[in-house]
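Participant: Quick one: the structure is below, questions incoming.
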Amino acid sequence: MSVTGSVSGVKTYNFYINGEWKRSTSGKTINIHSPYSDELIGKVQAITKEEVDEAIRFAHGMQKVWAEVPLQDRAHYLYNWADELIYMQDEIAEIIMKEVGKSFKDARNEVVRTADLIRYTVDEALHMHGESMKGDSFPGGSQSKIAVIQRVPLGVVLAIPPFNYPVNLAAAKLAPALISGNAVIFKPATQGAISGIKMIQALHQSGLPKGLVNIVTGRGSEIGDYLVEHEGINMISFTGGSNTGTRLAKKAGMIPLVLELGGKDPGIVREDADLNLAAKQIVSGAFSYSGQRCTAIKRVLVHENVADQLVDLLKEEIAALSVGSPEDGCTVVPLIDQNSADFVQGLIDDALTKNASLITGNKREQNLIYPTLLDHVTEDMRVAWEEPFGPVLPIIRVSSDEEAIRIANESEFGLQASIFTKDVNKAFTIANKIETGSVQINGRTERGPDHFPFIGVKKSGMGAQGIRKSLESMTREKVTVLNLSE
Ligand code: NAP
Ligand code: G3H
């Protein structure tokens with residue numbers, strides 16, 4: 001069977017198990033509508049628990065064989081995958097655009113970034129080495145004891161990405177898992193599943209041995225817990241919302257877990273900042289893809305002496321943003337669904353009721369929310385603390401660095417922060433006090449380049465991503481001790 005079939009003219013995507021595309025025995029499918037046109041772009045399989053069991057069984061069987069395949073040969077398949085993605089870039093970008101409402105240019109960048117990430121992951125793995133230790137460096141130890149420390153795969157990795165980077169954040173889990181000798185169960189976000197299937201089609205074309213990667217499509221609310229609690233899963237790599245991540249962590253028990261979750265990244269603007277630079281970086285950070293990025297700047301903490309000036313500059317930058325359909329290459333596009341737009345609208349309404357000043361925006365057409373800038377936001381407003389995952393930016397005026405640091409750290413999230421200042425010493429002093437995984441100085445918050453460690457603390461996550469970190473998290477150290485005869 002091929003990757004798709006057609007029912008009444010609508011493409012129906014099959015799931016992928018043991019190297020074959022199959023229709024689920026459930027007979028049930030999930031409709032995937034485009035977030036901006038409401039067009040029914042396809043259907044994906046809602047698979048059964050028995051099919052999940054089967055996928056995990058195949059993965060286990062194949063993983064043992066794969067772990068024995070020489071690293072250079074594993075690398076070969078993954079390089080092929082990267083080449084296939086580049087070959088299919090327009091086709092995959094078209095689906096990403098339709099399915100998650102990202103502009104075609106950004107969608108194509110996502111595919112190319114993914115091919116680069118896969119290649120770099122392979123190169124990094126090819127250059128990772130184990131270590132050895134001699135016993136005599138510990139008191140009473142002897143030179144005749146030698147420990148050989150190697151990294152070995154964990155087994156079957158469950159990869160769960162979110163909707164907003166349906167290809168890149170999936171491959172950022174699959175590539176390190178596979179090159180390290182693991183098998184993968186890939187559960188795509190439902191809105192994003194077709195993009196994920198296309199990505200796996202490229203992997204299939206790379207000639208990867210069957211059974212190593214299996215896609216399980218279905219709603220997280222229906223098959224998520226079953227997958228996470230499944231005794232056949234040896235590691236979970238999850239990216240998504242903090243509530244889902246917290247639930248998953250409770251269910252996962254003693255399974256190694258990497259969680260990359262939500263954020264409320266502050267942009268701290270000091271009195272001595274280059275305000276033009278700050279305004280450009282903040283607007284690009286806050287509003288690209290309508291703020292549907294974990295790393296979007298989600299609040300501005302600006303010194304009161306420069307706040308009026310900054311607000312004027314932000315307003316000017318926002319006025320230059322294109323708003324509308326991703327098909328027209330717009331930056332601010334309809335949100336992923338109506339519920340998300342209702343949530344963002346609720347944050348705006350709450351702030352306005354509590355006397356925030358509306359600088360621009362608060363206009364809505366269905367799930368398209370125009371970029372909204374709110375000034376004089378205070379700590380009693382929800383938008384000061386909650387993650388909108390939408391195009392609304394609150395400005396909180398502060399009177400000192402200490403106040404900015406306090407408000408930054410009072411958040412339950414701890415993904416990234418930006419500091420804008422011309423004083424690099426001050427920047428480092430503040431950065432050292434900020435409770436986030438990363439701090440950007442004079443730049444917007446963002447994940448890349450993808451070989452940097454990417455870390456969320458507090459409710460923003462657990463463990464680390466970034467190419468090297470992902471390779472480490474999907475392997476464990478194994479110590480073999482040689483006892484030489486004297
Ligand atoms: P989400 O609703 O938490 O969904 C994320 C993934 O979890 C989806 O694949 C979803 O599947 C699945 N899921 C849902 N319930 C599950 C369960 N009980 N067990 C296992 N999996 C389950 O998040 P989202 O709306 O896709 O993404 C937005 C959020 O992700 C934001 O909070 C954003 O900040 C965060 N995010 C964080 C990072 C980071 O690296 N820190 C990156 C990107 C996004 P279904 O789609 O089928 O429900
Ligand atoms: O949405 C979360 C992503 O990890 C953010 O990646 O900073 O490259 O947009 P990005």
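The values are calculated or read from the model by the stated rules, or taken from the named source; none is laboratory data. Everything numeric in this text was worked out from a predicted model, so none of it was measured. All Cβ positions, glycine included, derive from the backbone under ideal geometry; neighbour counts span all protein chains shown. What goes into the accessible areas is simple: the full protein's heavy atoms, side chains included, and nothing from ligands, DNA or RNA. Shrake-Rupley method; radii C 1.70, N 1.55, O 1.52, S 1.80 Å.
Participant: Output the number of the condition that Leu277 fails; it satisfies all remaining conditions of (1) in a helix (DSSP H, G or I); (2) farther than 28 Å from Thr4 by Cα; (3) within 14 Å of ligand 1 (Cβ to nearest atom); (4) open to solvent by 10 Å² or more (accessible area, probe 1.4 Å).
Facilitator: So Leu277 meets the others, but not (3).
Participant: Looking only at the range 78-105, which residues are assigned to a helix (DSSP H, G or I), of a type outside the set (Val, Ile, Thr) and in contact with a Pro (Cβ under 8 Å, 6 or more places away or on another chain)? It would help to see each step written out before you state the result.
Facilitator: First pass over the range 78-105, keeping only residues assigned to a helix (DSSP H, G or I): 78-87, 89-100, 104-105.
The next check asks that each one be of a type outside the set (Val, Ile, Thr); those that pass are 78-85, 87, 89-91, 93-94, 97-99, 104-105.
Residues satisfying the conditions are Met97, Glu99, Phe104.
Participant: Another one. Of the residues in the range 438-486, how many are open to solvent by less than 30 Å² (accessible area, probe 1.4 Å) and without any contact (Cβ under 8 Å) to a residue 60 or more places away in the chain?
Facilitator: 2
Participant: Sort out which residues of the range 283-327 are of a type in the set (D, E, K, R), open to solvent by less than 10 Å² (accessible area, probe 1.4 Å) and within 16 Å of ligand 2 (Cβ to nearest atom), and write them in order of number. Don't jump to the end; show me each part of the working.
Facilitator: Filtering the range 283-327 for residues of a type in the set (D, E, K, R) gives 293, 298-299, 304, 308, 312, 315-317, 327.
Add one more test, that the residue is open to solvent by less than 10 Å² (accessible area, probe 1.4 Å), and what stays is 298-299.
Answer for the range 283-327, where residues must be of a type in the set (D, E, K, R), open to solvent by less than 10 Å² (accessible area, probe 1.4 Å) and within 16 Å of ligand 2 (Cβ to nearest atom): just Lys298.
Participant: Would you say Gln191 is among the polar types (S, T, N, Q), open to solvent by 40 Å² or more (accessible area, probe 1.4 Å) and under 26 Å from Val216 (Cα atoms)?
Facilitator: Numbers: among the polar types (S, T, N, Q): yes; open to solvent by 40 Å² or more (accessible area, probe 1.4 Å): yes; under 26 Å from Val216 (Cα atoms): yes.
In short, yes.
Participant: Separate question: Considering each of Leu321, Leu227 in turn, give the residue that is within 30 Å of Gly361 (Cα to Cα), at pLDDT 95 or above and of a type outside the set (D, E, K, R). I'd like the intermediate steps shown before the answer.
Facilitator: Details: Leu227 fails: within 30 Å of Gly361 (Cα to Cα).
So the residue among Leu321, Leu227 that is within 30 Å of Gly361 (Cα to Cα), at pLDDT 95 or above and of a type outside the set (D, E, K, R) is Leu321.
Participant: Take the range 427-450 and flag every residue that is under 14 Å from the mean Cα position of the chain (by Cα) and more than 12 Å from ligand 1 (Cβ to nearest atom).
Facilitator: Hit for the range 427-450 is Pro449, nothing else.
Participant: What is the number of the single condition among (1) in a helix (DSSP H, G or I); (2) within 16 Å of ligand 2 (Cβ to nearest atom); (3) farther than 24 Å from Lys105 by Cβ that Gly263 does not meet?
Facilitator: Of (1) in a helix (DSSP H, G or I); (2) within 16 Å of ligand 2 (Cβ to nearest atom); (3) farther than 24 Å from Lys105 by Cβ, only one is false for Gly263: (1).
Participant: Free of Cβ contacts under 8 Å to residues at least 40 places away in the same chain and either surrounded by fewer than 22 Cβ atoms within 10 Å (Cβ to Cβ) or closer than 23 Å to Phe163 by Cβ (or both): which single residue out of Glu260, Glu231 fits that description? Reasoning before the result, please.
Facilitator: Working: Glu260 fails: free of Cβ contacts under 8 Å to residues at least 40 places away in the same chain.
Selected residue: Glu231, the only one of Glu260, Glu231 that is free of Cβ contacts under 8 Å to residues at least 40 places away in the same chain and either surrounded by fewer than 22 Cβ atoms within 10 Å (Cβ to Cβ) or closer than 23 Å to Phe163 by Cβ (or both).
Participant: Does Gly207 meet the test of being open to solvent by less than 10 Å² (accessible area, probe 1.4 Å) and at positive phi?
Facilitator: Working: open to solvent by less than 10 Å² (accessible area, probe 1.4 Å): no; at positive phi: yes.
Spelling it out, it is not the case that Gly207 is open to solvent by less than 10 Å² (accessible area, probe 1.4 Å) and at positive phi.
Participant: Checking the conditions here, which among Glu317, Glu304 is away from ligand 1 (no atom under 16 Å from the Cβ) and closer than 21 Å to Glu410 by Cα? First the steps, then the outcome.
Facilitator: Working: Glu317 fails: closer than 21 Å to Glu410 by Cα.
When all the criteria are applied, what remains is Glu304.
Participant: Separate question: Mind listing whichever residues of the range 420-437 are aliphatic (A, V, I, L, M), open to solvent by less than 30 Å² (accessible area, probe 1.4 Å) and either closer than 18 Å to Leu277 by Cβ or at pLDDT below 95 (or both)?
Facilitator: The first filter runs over the range 420-437 and keeps only residues aliphatic (A, V, I, L, M), leaving 424, 427, 430-431, 434.
Remaining after also requiring open to solvent by less than 30 Å² (accessible area, probe 1.4 Å): 427, 430-431, 434.
Passing the criteria: Ala427, Ile430, Ala431.
Participant: Please indicate, with yes or no, whether at least one residue in the range 28-40 is in contact (Cβ under 8 Å) with a residue 24 or more places away in the chain, surrounded by fewer than 17 Cβ atoms within 10 Å (Cβ to Cβ) and assigned to a strand (DSSP E or B).
Facilitator: So far as the range 28-40 goes, yes, one or more of its residues are in contact (Cβ under 8 Å) with a residue 24 or more places away in the chain, surrounded by fewer than 17 Cβ atoms within 10 Å (Cβ to Cβ) and assigned to a strand (DSSP E or B).
Participant: Within the range 114-156, can you find the residues that are touching a residue at least 60 places away in the same chain (Cβ under 8 Å), within 21 Å of Ala177 (Cβ to Cβ) and open to solvent by 70 Å² or more (accessible area, probe 1.4 Å)?
Facilitator: Correct list: Asp116, Tyr120, Gln150, Arg151.
Participant: Next question. If I filter the range 328-353 down to residues being of a type in the set (A, V, I, L, M) and assigned to a helix (DSSP H, G or I), which single residue comes out as most open to solvent (accessible area, probe 1.4 Å)?
Facilitator: Step one: filter the range 328-353 for residues of a type in the set (A, V, I, L, M), giving 332-333, 335-336, 341, 344, 347-348, 351-352.
Subsequent filtering for residues that are assigned to a helix (DSSP H, G or I) retains 341, 344, 347-348, 351-352.
Values: Ala341: 0, Val344: 0, Leu347: 0, Ile348: 0, Ala351: 0, Leu352: 51 Å².
Applying the filter and picking the extreme gives Leu352.
Participant: Go through the range 277-289 and give me each residue that's within 16 Å of the chain's Cα centre (by Cα) and small (Gly, Ala, Ser). Before you say what the answer is, go through the steps one by one.
Facilitator: Of all residues in the range 277-289, those within 16 Å of the chain's Cα centre (by Cα) come to 285, 288-289.
Answer for the range 277-289, where residues must be within 16 Å of the chain's Cα centre (by Cα) and small (Gly, Ala, Ser): Gly285, Ser288.
Participant: Right, next: For Ala170, work out the one condition from (1) open to solvent by 10 Å² or more (accessible area, probe 1.4 Å); (2) in contact with a Pro (Cβ under 6 Å, 6 or more places away or on another chain); (3) within 15 Å of ligand 2 (Cβ to nearest atom) it doesn't fulfil.
Facilitator: Checking Ala170 against (1) open to solvent by 10 Å² or more (accessible area, probe 1.4 Å); (2) in contact with a Pro (Cβ under 6 Å, 6 or more places away or on another chain); (3) within 15 Å of ligand 2 (Cβ to nearest atom), the one that fails is (1).
Participant: Please determine, by comparing only the residues of the range 1-27 that are outside any loop (DSSP other than H, G, I, E, B) and crowded, with 19+ Cβ neighbours inside 10 Å, which one is farthest from the chain's Cα centre (by Cα). Spell out the reasoning first.
Facilitator: Within the range 1-27, the subset outside any loop (DSSP other than H, G, I, E, B) is 4-7, 10-13, 15-17, 20-22.
From what is left, the residues that are crowded, with 19+ Cβ neighbours inside 10 Å are 13, 15-17, 21.
Numbers: Tyr13: 24, Phe15: 22, Tyr16: 22, Ile17: 24, Trp21: 26 Å.
Residue satisfying both the conditions and the ranking: Trp21.
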